[in-house]
Amino acid sequence: MTSVDRWQLPDGIEEILPPQAAAVEALRRQLLDLYRSWGYQMVIPPLIEFTESLLIGLGHDLDLLTFRLTDQLSGRSLGVRADITPQVARIDAHSLAEEGITRLCYAGSILHTRPKSLMASRSPIQVGAELYGDNSLAADVEIVRLMLATLDAAGLGQITLDLGHVGIYEAVLDCAGLSEEQEQTVFDALQRKSVPDLRLALADVDEQAAALIIALVDLHGDESVLGNARELFAERAPAALEAVDALQEVAADLRRQRPDLCIYFDLAELRGYHYHTGIVFAASVPGHGQALANGGRYDDVGEVFGRARPATGFATDLKALVALLPPEPPAPGAISMPDSDDPSLASRAERLRAQGEIVINCLATDPDPRCDRLLVEQDGEWVVQPLESAGPA
């Protein structure tokens, strides 16, 4: 390995340098304060856990994304978290075990064995909120509103909200009587919205049941989609109507507070299908190909930790949010102070720092290039004066 190779990072793994690091940390604090103001309490799960608790309940996709290693103390398999959601579910079900509604939030780094999409990071900083103990649509609406408030706080506009419900797909699938292998093939084809592949997979299935499944491909768009779904499912898959009504109710509740919100319905949305149990949602903005935040209802995941609980939540990536923000205006310059053991100088510097100023000890001949002012002694007092020769802030 050459000396140049030693400085390289793995593909999809980034370091965050100033001033981006400052922007990431500022937004992290802002969002956690936002969640606190809504009643969500912060938790800090560990970076690694035993794989049997870290991966259980959230499907095969998370399994593939998780780095594994062997614990030198116990000999058991450990996983580096690829998603904080199952950890928070464990905390709610086992560590806290509170009665009633529990609201939790978090912010922390996660690690993926491979990027989720072409341009995605393998080391996102996941931020999110989870609500446990309430299975009502009001809880789903609260979480969606908090997700939208998250993007508002990040300064992002023109948000499009995608809404779906896994109950629709489940009800339609129940009418077809597919084998496990056929279900997987249909699932993959629906994710790609490939009608030819669906026709091939459903060639031996009852014609009406196959038509229902294929019809899901086109059930996306504005609210008229819900009316079309009711007509389609009324006789052939009536169990899907409850999910369609839920989508309409959630959309109406959201529009009462945000009448200009763009809502896009996708009744074949299967993101997280293997663990989601109800409403699913995602938020996107123009110019960004992937959803910036997503979530949904995932009831009873906590059962594997000893207590089944209704649950709904969302998550986003701080790095992705910050990458879309406009450039920050130049920060105010710093103040240079002489390298001195004068107690009055130290006291003055402490007061300035308490007021939010950056005060940098001058260890060299010239002040730090960020400084545009300096502390000088006048008549026994330390005062701030402009530094004409300072570099850019």
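The values are calculated or read from the model by the stated rules, or taken from the named source; none is laboratory data. Given the structure is predicted, the values throughout are model-derived calculations rather than measurements. Cβ coordinates were reconstructed from backbone atoms using ideal geometry, including for glycine residues, and neighbour counts include every protein chain displayed. Accessible surface is based on the protein model in full, side chains and every heavy atom, while ligands, DNA and RNA are left aside. Shrake-Rupley method; radii C 1.70, N 1.55, O 1.52, S 1.80 Å.
Of all DSSP beta bridges located in the chain, what percent are antiparallel, nearest 5? Intermediate results must be reported in sequence, preceding the final value.
Working: 45 of 58 bridges.
Roughly 80 percent of the beta bridges in the chain run antiparallel, per DSSP.
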For residue 113 and residue 242, what does the FRET efficiency come to when R0 = 30 Å and r is the distance between their Cβ atoms, rounded to the nearest 0.05? 0.20
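Given Cα pairs under 8 Å that are at least 6 residues apart, what percent is the relative contact order of region 196-324? Kindly include the intermediate steps, with their values, before the conclusion.
Details: 125 pairs, mean separation 20.3, N = 129.
Reported relative contact order: 16 percent.
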Within the chain, helix-based [θ] at 222 nm, where runs of 4 or more DSSP H residues each add -39,500 (n - 2.57), nearest 500: -10500 deg cm²/dmol
Could you work out which residue, out of 89, 176, 243, moves most in a Gaussian network model of the chain, that is, has the largest mean-square fluctuation with Cα springs under 10 Å? 176
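May I ask you to derive the relative contact order of region 135-279, considering only C-alpha pairs under 8 Å and at least 6 residues apart, and to give it as an integer percent?
On the way: 156 pairs, mean separation 62.6, N = 145.
It rounds to 43 percent for region 135-279.
Quickly rank 314-320, 123-129, 186-192, 363-369 as a protection proxy: mean count of other C-beta atoms within 10 Å, highest first. Don't skip to the end; give the middle numbers.
Working: 314-320: 21.1, 123-129: 23.1, 186-192: 17.3, 363-369: 11.9.
Final packing ranking: 123-129, 314-320, 186-192, 363-369.
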Between residue 99 and residue 261, what's the calculated FRET efficiency when r is the beta-carbon distance and R0 is 35 Å? Round to 0.05. 0.55
Charges only on Cβ, +1 for Lys and Arg, -1 for Asp and Glu: so what's the dipole of the chain about the Cα centre, in debye to the nearest 20? 380
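Just the accessible area per residue of region 273-356, please: how many Å² with a 1.4 Å probe?
Details: 3930 Å² over 84 residues.
Ligands and nucleic acids excluded, the result is 47 Å² per residue.
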Hey, rough spin-label estimate for residue 331 and residue 208, points 7 angstrom out along Cα→Cβ, what's it come to in nanometres? 6.7
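Given Cβ point charges of +1 (Lys, Arg) and -1 (Asp, Glu) and nothing else, what value in debye, to the nearest 20, does the dipole of region 1-147 about its Cα centre take?
Details: 13 positive and 19 negative charges, 67 e Å.
Value, rounded to 20: 320 debye.
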Taking the full set of protein chains and a 1.4 angstrom probe, give the accessible area of residue 328 in square angstrom, rounded to the nearest 10. 140
Using a 1.4 Å probe and ignoring any ligands, DNA or RNA, find the accessible area of residue 373 and quote it in Å² to the nearest 10. 50
Only Cα pairs within less than 10 Å get springs; with that Gaussian network setup on the chain, which residue of 117, 347, 194 has the largest fluctuation? 347
Between residue 33 and residue 135, what is 0.36 nm times their sequence separation minus the Cα-Cα distance? Round to one decimal in nm. 34.2 nm
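How large, in percent, is the carbon and sulfur part of the accessible surface of the chain at a probe radius of 1.4 Å?
Working: 10540 of 20500 Å².
Of the solvent-accessible surface of the chain, carbon and sulfur hold 51 percent.
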Compute, for residue 116, the solvent-accessible surface of its heavy atoms (probe 1.4 Å) with the complete set of protein chains present, and express it in square angstrom to the nearest 10. 150
Please identify, among 333, 287, 356, the residue showing maximal mean-square fluctuation in a Gaussian network model of the chain using a 10 angstrom Cα cutoff. 356
The set of residues whose placed amide H lies less than 5 Å from the amide H of residue 129, leaving out same-chain residues fewer than 5 positions away, is 314
Scan around residue 374 for amide H atoms under 5 Å from its own, H built in the peptide plane at 1.01 Å from N, and keep only partners 5 or more places away or cross-chain. 336, 385, 387
